[in-house]
Amino acid sequence: MTQDELKTLVGQAALQYVIPGEIVGVGTGSTVNKFIDALAALKDQIPGAVSSSEASTARLKALGIRVFEANAVGNIAVYIDGADEIDAQGFMVKGGGAALTREKIVAAQSARFVCIADESKLVKTLGAFPLPVEIIQMACARLVRQFEALGAQARVRLKEGVPLVTDNGQHILDVTGLQITDPLAFESQVNQWPGVVTVGVFAHQKASVCLLGTADGVKTLTFQS
Ligand code: 5RP
């Protein structure tokens, strides 16, 4: 199976976690796009979705799925999103699609995080994928130095030759050279640095379940809370 077919498989498998009558939290990315497309079949069974990006909002609306503001709803039962990396504890690196801040907000509002990913995303230690960090531009040079002090290299993410601007009007640093052996501590540490909006380690908002697309079908990994 191709990676795209594995994404379709897990996107469809995630439908079993959608609760009729309940708003669903929706992440961002190519795997989530498969989920959104599948969700259209259930659109009359749910009030709608809370979305983590302008891109997902547009896709949901185009399929006739109502989108609610996070502030307009209470707790969300289930949040469904992809990951750039996930480990055996359910800790993740996210933000390859630059939507990490809103993703973490919707994840924090949700009781369960269902991660959908193809098997290439399962890793032993987080950090091989460049870690996305959404930052305030004024702090950029100092944050680059702070990552250098950890032995890592941080670069501003570019789009068409200029710094990418997120849905929140901010920039992204992509950080290479990390081995994140204690994701909970690392997330807390970097989130304390002035100028960091959100670090793309999702340890405090880790996955409850991962639907992993493999050559043998969908494997369900369940994590301790
Ligand atoms: C977007 C994300 C995505 O979930 C992550 O990048 C995985 O994307 P894809 O499903 O396209 O591989 O965190 O900010």
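Structure notes:
- Taken about its Cα centre, the stretch 156-225 carries a charge dipole of roughly 60 debye when the Cβ of each Lys and Arg holds +1 and the Cβ of each Asp and Glu holds -1.
- Here the simple spin-label model places points 7 Å from the Cα toward Cβ, and for Ser30 and Lys43 these points are separated by 2.5 nm.
- Among Ile36, Thr8, Val50 the positive-end extreme of the charge dipole of the stretch 1-67 (Cβ point charges): Val50
- Qualifying aspartates and glutamates (Cα of each under 16 Å from Cα of Lys7; at least 8 residues distant if same chain): Asp37, Asp81, Asp84, Glu85, Asp118, Glu119, Asp216
- Extended-chain gain in nm, criterion 0.36 nm per residue less alpha-carbon gap, Ala70 and Thr125: 16.6 nm
- Surface share of carbon and sulfur [accessible, 1.4 angstrom probe, percent] for the chain: 50
- Between Arg145 and Lys61, the contour length at 0.36 nm per residue exceeds the alpha carbon distance by 26.1 nm.
The values are calculated or read from the model by the stated rules, or taken from the named source; none is laboratory data. Just so you know, these numbers come straight off a predicted model, no measurement behind them. Because the Cβ atoms are built from the backbone with ideal geometry, glycine has one as well, and the counts that use them run over all protein chains shown. Accessible surface areas use protein heavy atoms only, side chains included; no ligands, DNA or RNA. Shrake-Rupley method; radii C 1.70, N 1.55, O 1.52, S 1.80 Å.
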